[in-house]
Structures are given as structure tokens and as C-alpha cells.
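Written out below as C-alpha cells is the structure these notes cover.
The values are calculated or read from the model by the stated rules, or taken from the named source; none is laboratory data. Quantities reported herein were computed from a predicted structural model and do not represent experimental measurements. Don't worry about glycine lacking a Cβ; one is built from the backbone with ideal geometry, like all the others, and counts go over all protein chains shown.
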Amino acid sequence: MLIGFALGIVWLQRQAALPGVWVICAAACAVACACTLSVYLPRWRYACLISAAFIVGFSYAASRAEGRLQFVLPAAFENRNIELTGFVRGLPMQGEDGTRFLFEVESNEARIPKFPRIVQLSWMAVDASKRRPAASPPPPLWAGQRWTFVTRLKRPHGNANFRGRDAEAALLARNIRATGYVSMPESARRMPSDARGFTLMIDHWRARLRARVLSALDGAPHRGIEVALAVGAQDVVSDADWALLRATGTSHLVAISGLHIGFVAGLAALIGGWFWRRLRWRGMPLPLIVSAQKASAATAAAFAAFCAALAGFNVPAQRSMWMLCFVALAVLSGRRPASSLVLTWALALVLLLDPWAVTAAGFWLSFCAVAAILFAIASRGRRASVGIADEAEPDRDEDLIPDIPHDQPRARRLMRDRIADALRRSSIRSSVRLRRMARDIGRRIAASARVQYAITIGLAPLTAYWFFQIPLLGPLANAFAIPWVSLLVTPTVLVAVLLPAPLDEFAYRAAHGLLTIMCDVLAHLSGSAWTLWRLPQPDTFAMTAAAFGVIWALAPRGWPLRFAAPLTWLPLVFPPSHAPATGTFRVTALDIGQGSSIVIETARHSLLFDAGPGPESTRAGERLVVPYLFAHGLSTLDTLMVSHSDSDHSGGAPAVFESIRVRQFVASMRPHEALWRIAREEGSDSLRCIAGQQWQWDGVKFDVLWPMAGPLAAKPNATSCVLKITSAAGRSALLAADIEADVERQLLTQDGALLQADVLVVPHHGSKTSSTEPFLDAVEPRVAVFQVGYRNRFNHPNPTVFERYRLRRIELSRSDEDGAARMEMSADVSIERFRQTHARYWMGR
């Protein structure tokens, strides 16, 4: 029934729209009927109750979602100045460009009913438009502080790409119903009275603790990992550390995870039991009042709750906390529940508090790891220990040397014989003890190896699905890193947390020294490229087959055909090709916000046209473009073409070079640009983009139409690469980059037939300086794609330009409304919009 309840919640999160009132009423009737049938049809009792639990879970998640979505920012108030009064929540994240924090709204100047309770704000430290420090840089912000800000807000919106992360689901799970920034920092006012509450007290304490760690480890390379272990905040972990941990499959250690909480709770239980056995109450030993076992269980549960609060109650921490609390409750009541029941109760309680937890990778990784361990242990079964206990141990020899007169020669010989016999028997006893110790160590190593095997097998499909990779050195790296972090680093960090200043600084530095050793070992292990196996994101069939394979591989001994379990992994390891047929091609315009990045695929080749913004803006190249390529199995690009040097087109290219093998780099940039040097260092052939260049891939023709040969103009937009792709059937796509009206006129003076295309990626994001009417008349597109950011500050696309396309009855797609757009160019042209084919009920709300 608990699993049925959880499945109902999972099913609701897959819906494109929330059920109506009549559906909820029908669900209530169905639950009543199922419960009635379970009474009158004993044979179908379990099926009826599980079905009722499924309906209850579905209806519960729907009601929670409907209630949360009621708080919304009206579209008319987006990007408008609104004065808000409220208090800071969570852990504000401070960076070089400003501070990002959560703000709980108490009142809004516009007096909007059902205004979002939680908004995510940025207080910028730099003025992006003037490239200089802001007039009012952000002061230190702490949880509980009450402020009044003038803000500009947007509705929750995230980039929507095929096989990408759903940022809007993450915002909904955290109850963030609007995002924005402090628009008038000089008018911000600190209110005299701060907010109070248990949650705010925990947040304030975590923030102070993070500040202590950062101060003690100022400039230390791995201080971000230590902050994550201390307070569960991962925003300070460096990119280099993340890359190392992901490559070795140890990224789960960079958090206060269930493993750490379990270890701390076990240590607390041992210490609590030791003290309890030695305490007295009015002369009576406390174990005579309450058993030491119950006291230890209560201590473990209390420390688990403490560590979960320290971690911000993330899903793995909640799972471990609820399991330990359930076990403690069972011990206190004299019961001994099955491990599977403990896990399913934790599952139900986590989803009861947060029905959106199922949209996060941590939920699946945490629960599936524990489920795999429990299943492997249950499959192993309980075997009676033989060998050590049954070995005959020599009898004790206390009286082997009796009191014999020493003045008799015969007595002396007898005494020597008895001494020799005693030494021989003592040697036998020592040998038995050593064999027992060795066998015990061997069994512990074997048990640890079985657990590591179960985790590796059980989480491999999920790792491929969420991260598009399987670290081949994961078992070896975890065999070293897990005990190192659990037995050495985490206890040292927790001791530092409990120590007062300045003593805590020595403990923090000692923990950092241990982390440095671990990272050096992991870096040595992950030196070769073969240690990381890249895989495209598996589909539903591959994941289902792999799940059956995991159960099959971890099944008990004697299960039929266990050796054949790896065969079920073939769809995961060798996925079928989804490449276009020969003579056709596919164009995918990614949703990367305000910028451009387009993937072109033929039967056996791939080209990336622009790479989106880089670290100077939204880091779209690293966050969106590279993960998309990995998710689709494109670990090698035949060509990377960067149209021009503007950062919203070229900023993500270094991230692509760092992660993806690029055979050829084509660009329209001046020789001094850093990308030319990066391309040479990565071993890519470099070529300037010039009109007249042509090549063919798999029956598909590629033509460069602009810029002309000669010196590059001062304005990068005027020398943007313009690429036309034509299929064998004559269907074509035109990628116009950021050309403007003057370049459009020059293109029209050439052969007008070259411009005609079925699909047009709109020039310069639909700005008013582009997409002239003569140009559109020459291209005659059937489909036009606007790559624009949601509510971007340039107001792209220009309303007049957009209307110009609409009046020509061109099929339009906007990345801010439709997400990524995928066009299949074969005998006909078909377009797929992500937000239509992968709709969820929270999108656009």
C-alpha cells in the first residue's frame, strides 16, 4: 500500500495538466469502492487496497499541486518595479557578481492577492550595462533579516530542452513562484525587527557555520567540499572538484548524505549507550529504568534529526532520518520490523512532505541504492557460521605444570615435557585465534564487496539516465573514498562544528588535509579517458530492461540463468541509432535563453552552430549545450562553427572544447580571439568561415553564404557566418546568426535562389534591425525559429518583426514559449516543440 501511494504521486508528476474537480470526486468514489471490494472479495483484497492507495497518492499530489500553483505572479506585473517587504530565508549564496537568496514575502506594494510567498532574488554587485561595480553593492545577508526591496520579477521559467533537466520542476519543489532581482538597491531598507521561527533559526545557524568554515579555510582548494559536508550547501564546491568527483563516481559524498547520517547516528548510539550504562538516578542504574538499547536508539534518532537539519533536510538526509526514527520507534515499542517496511515508510513520509521529490535525481539514487543493498542482503540469506566456532580449541592448561620437587632428575624432565606441551597448546590457540580473526576480516571484506557490487549494479542505469555516464572506476574509487570520508573526514568536520572558536579552525584544517589526500588519490585514479564511459540517455524501454537485469543479477543463488542478466543491459549499453536517414538531416534549435546554439545531424556526422553564452552570463555552454550533446550520444563533433565573436554565440565554446572532441573549428573572428588558440591546443583543424565554402555529408549539402573574403568589419554582427543546409530531396534550412538589414540587402544582390529555405533561424533573434521584408520574400520560409530569452532585456523579438512573420502565415516557434524546437528535414518538414510534446502541468504557471 505504501508503494501504491508513492506510485500514485509519481504518476501525477508525469501529467500534462492537473485533474479537474470531477476527477477528484471520481477518485474518492473509486477509493470507497476499492475498500468495499477488499472486504467482500478476500482474494482480491491486496489488489483493491493497493489500487486505493494509488488513487489516494494521485489525488493527494494533485491537491498539493493545485494549492501551490494558486500563488502566482500576474503576467501584467512581470518586469515591473514592485516593492516587497519580507525576510531572508535559506543560505544566501554570495559570489563575485552578487548575492542570490530566497525571500519570503509578507506584503507587496501592488497588493496583488495570492502573491508568491517565496521568491528568488539576486542583488547584483556589478552594473552589467556599464561594466562597473554597482552603486549599492549587497551587504551581508542572513536568514531572518527583514528587508524592504524594490524588485523586478518574472514567473518561474527554465530552459526546456530534449532530455534536459527541468528547472521549473525544481523551482516548484522549493515553492519558488517567482524569480528576479533587486532593481533599485539604493532604496533597500533593513527593517528593525527580524523574523523568528525554528526553520529560520536553523537557516541562521547553518549560515553562520558556513561563514566559519570559509573563514578558517580561506583560499584552500577543497574548502567547498568541506562546506558541503558541514552544512549540506554545495554552491561553494569548485568546478574542478565537481569534475573530479563525477569522473570517479564519488559526487554523492559531497553532501550530508544518508551514509554520513547513518554513520553519525551509529556513533551517537554507541556513545549514548556507553554513558547510559554508567548513569544513575537516585542511586538506581538507568538501564534498570530504560534499557540501554532503547536509549541508544533514541540517541541515534535524535542525532539523525540534527544532521538532517544541518543538511537543510535534503531528500537523502530525510530518507536516512525517517528510517532511523522508524527503527528507534520500533525498538522503543519492542518490535522488529522488516527492513523493506522501514524503507517504504521512509519513502511514503518523504513524499507526504514533498510530493515533488520524485522529480530530483537525489530521490531515485538514494532510495534505489538502499533498496539494492537490502535486496542483495535478503538474496544472500542467513547462513550459519561454520568453521571458526566449530574448531576445537585446546582445553585450558592451568594445571599442566604441577608442583614437583625440583631436586629430582626425573621430575625435571617431566617438567620440561609439560612446559613444551603447554607452549605447543598455546601456539595452537594463537593459531586458531589468528585464523578466526583472518576469517572474520575476510567475511567483512566480502560483505563490503557485496554491498559495493549491489550499489554499482543498482545505480548504473540511473547514473546513465541522469548523468549520461558510468564511471568505470566507481567501485574502486568508492571503496577508498567512502570509508575515508565516513571514518575520518566527516567525524573531524563534526568535531569542528561542535568546537568553539578558535579551536574549530584546527579541526577544519585537519579535515581539509584529509580531503586533499583523498582528492590526490582520486585524481591519480581518474587520469585516463577510458575511466569514464559516456552513454546517451536511455529511453523507457532500455531503463525497464536494465531494471529487470538489476533484479536478476542480485537475485539469490540458484535463480535460473543468472549469468544471462547482462543481456538485459544491451539496450542501455548499445542503444539503437536515432540518426536521420541518408540524404536527410535534423536541426535542433536549443533553448539556452538569450543566445543561440543549433545542432545539425546527418546520418553519420554532426555540426554545432554556435555554443550559447559562457561564464560571463548564464554559462549555457556548460549547463545546457554540453549536457545536451552527451545526452544524445554526441561525444564527438565533426565541426563546431561559431558565427561571430559576440558572447551569446561564442561564450560557451570553451566549455564545448573542454568536454567534446571537435575535429574542425570554423569561425568568423579576428585572429587574436582566444578561441583560435583553444582550438589549436585541443587538436582541432581551424578554418575561417568564408562565403563559397561547400561540403557534403551523407548526401546533405552545406553552403556558406556569408561573410565575403577580406578583412573583417568592425561590427561582429556584420560578419556573422550564414550557413545553408540542403537535403537530397531539396528541403533546406538557413541559419542566419546575427546578420542585420545591411547584410540582408547584400545577400539579396547575389543569387536569390540561394536564400530560399524551408526553415529559417531568425536573424539577430528577431530584432528590429533585421528580418526585412525583401529578405523574407526571398527566403520564403515555411518555419521560422526565434531563439530568445524569456522576458529578455532586449525585448526580442520585436513585436513589429514578429507580426511580419505571422502575417506571412509562417509556422513560428519561440524558445521562450516552446522550448527547444526540432525540425526533421526529409521529403517534408516536420517540427516538434518540446513544451508541447513533453508538457507538464507546472509549465507556464
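Here are some notes:
- Test: residue in the stretch 274-281 that is crowded, with 17+ Cβ neighbours inside 10 Å and among the hydrophobic types (A, V, I, L, M, F, W, C): yes
- For the stretch 617-666, the set of residues classified as in contact (Cβ under 8 Å) with a residue 60 or more places away in the chain and under 19 Å from residue 702 (Cβ atoms) consists of 641, 642, 643, 644, 649, listed by residue number.
- Single residue of the stretch 612-662 satisfying the filter (assigned to a strand (DSSP E or B) and in contact with a Gly (Cβ under 9 Å, 6 or more places away or on another chain)) that is nearest to residue 736 (Cα to Cα): 662
- Qualifying positions in the stretch 564-582 - at pLDDT below 95 and either within 18 Å of residue 162 (Cβ to Cβ) or in contact with a Gly (Cβ under 8 Å, 6 or more places away or on another chain) (or both): 565, 566, 567, 568, 569, 575, 576, 577, 578, 579
- Total residues in the stretch 780-801, condition at pLDDT below 95, under 16 Å from residue 739 (Cβ atoms) and either part of a helix (DSSP H, G or I) or among the small types (Gly, Ala, Ser) (or both): 0
- Note on the stretch 573-599: among residues that are touching a residue at least 60 places away in the same chain (Cβ under 8 Å) and over 27 Å from the mean Cα position of the chain (by Cα), the one that is surrounded by the most Cβ atoms within 10 Å (Cβ to Cβ) is 585.
- In the stretch 141-153 there is no residue that is part of a helix (DSSP H, G or I) and touching a residue at least 40 places away in the same chain (Cβ under 8 Å).
- Residue check for residue 73: touching a residue at least 12 places away in the same chain (Cβ under 8 Å), closer than 30 Å to residue 233 by Cα, buried (at least 16 other Cβ atoms within 10 Å of the Cβ) and of a type outside the set (Val, Ile, Thr): yes
Conditions (1) surrounded by fewer than 23 Cβ atoms within 10 Å (Cβ to Cβ); (2) under 26 Å from residue 227 (Cβ atoms); (3) in contact with a Phe, Trp or Tyr (Cβ under 6 Å, 6 or more places away or on another chain), marked per residue:
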position: 289; (1), (2), (3): yes, no, no
position: 295; (1), (2), (3): yes, no, yes
position: 309; (1), (2), (3): yes, yes, no
position: 313; (1), (2), (3): yes, yes, no
position: 333; (1), (2), (3): yes, no, no
position: 349; (1), (2), (3): yes, no, yes
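- Selection from the stretch 473-517 of residues that are surrounded by 17 or more Cβ atoms within 10 Å (Cβ to Cβ) and under 30 Å from residue 539 (Cβ atoms): 473, 474, 477, 478
- Against the list (1) in contact with a strand residue (DSSP E or B) (Cβ under 9 Å, 6 or more places away or on another chain); (2) at pLDDT 95 or above, the condition residue 746 fails is (2).
- Residue ID - modelled with the highest pLDDT, chosen from residues in the stretch 245-259 that are closer than 16 Å to residue 514 by Cα and part of a helix (DSSP H, G or I): 245
- Test: residue in the stretch 558-572 that is aromatic (Phe, Trp, Tyr), in contact (Cβ under 8 Å) with a residue 24 or more places away in the chain, buried (at least 17 other Cβ atoms within 10 Å of the Cβ) and in contact with a strand residue (DSSP E or B) (Cβ under 8 Å, 6 or more places away or on another chain): no
- The one condition in (1) buried (at least 21 other Cβ atoms within 10 Å of the Cβ); (2) more than 30 Å from residue 626 (Cα to Cα); (3) modelled with pLDDT of 90 or more that residue 143 fails to fulfil: (3)
- Residue list for the stretch 187-220, restricted to those being assigned to a loop (DSSP other than H, G, I, E, B), touching a residue at least 12 places away in the same chain (Cβ under 8 Å) and more than 19 Å from residue 145 (Cβ to Cβ): 217, 220
- Filtered residues of the stretch 214-267 (kept if farther than 30 Å from residue 296 by Cβ, surrounded by 22 or more Cβ atoms within 10 Å (Cβ to Cβ) and hydroxyl-bearing (Ser, Thr, Tyr)): 248, 250
- Against the numbered list (1) without any contact (Cβ under 8 Å) to a residue 24 or more places away in the chain; (2) within 23 Å of residue 4 (Cβ to Cβ); (3) surrounded by fewer than 19 Cβ atoms within 10 Å (Cβ to Cβ), residue 374 comes up short only at (1).
- Residue among 809, 804 that is in a loop (DSSP other than H, G, I, E, B), more than 24 Å from residue 585 (Cα to Cα) and not β-branched (Val, Ile, Thr): 809
- Entry remark, the stretch 834-845: residues being surrounded by fewer than 19 Cβ atoms within 10 Å (Cβ to Cβ) and either touching a Lys or Arg at 6+ places or on another chain (Cβ under 9 Å) or among the polar types (S, T, N, Q) (or both) number 4 in total.
- Qualifying residue in the stretch 527-545 (condition: crowded, with 18+ Cβ neighbours inside 10 Å, in a loop (DSSP other than H, G, I, E, B), more than 26 Å from the chain's Cα centre (by Cα) and at pLDDT 85 or above): no
- Selection from the stretch 803-815 of residues that are buried (at least 16 other Cβ atoms within 10 Å of the Cβ) and more than 19 Å from residue 735 (Cβ to Cβ): 804
- Counting only strands (runs of 3 or more DSSP E) wholly contained in the stretch 702-761, no element carries 1 or more residues that are more than 22 Å from residue 649 (Cβ to Cβ), touching a Cys at 6+ places or on another chain (Cβ under 8 Å) and in contact (Cβ under 8 Å) with a residue 40 or more places away in the chain.
- Candidates 144, 158, filtered to the one that is touching a helix residue (DSSP H, G or I) at 6+ places or on another chain (Cβ under 6 Å) and within 24 Å of residue 19 (Cα to Cα): 158
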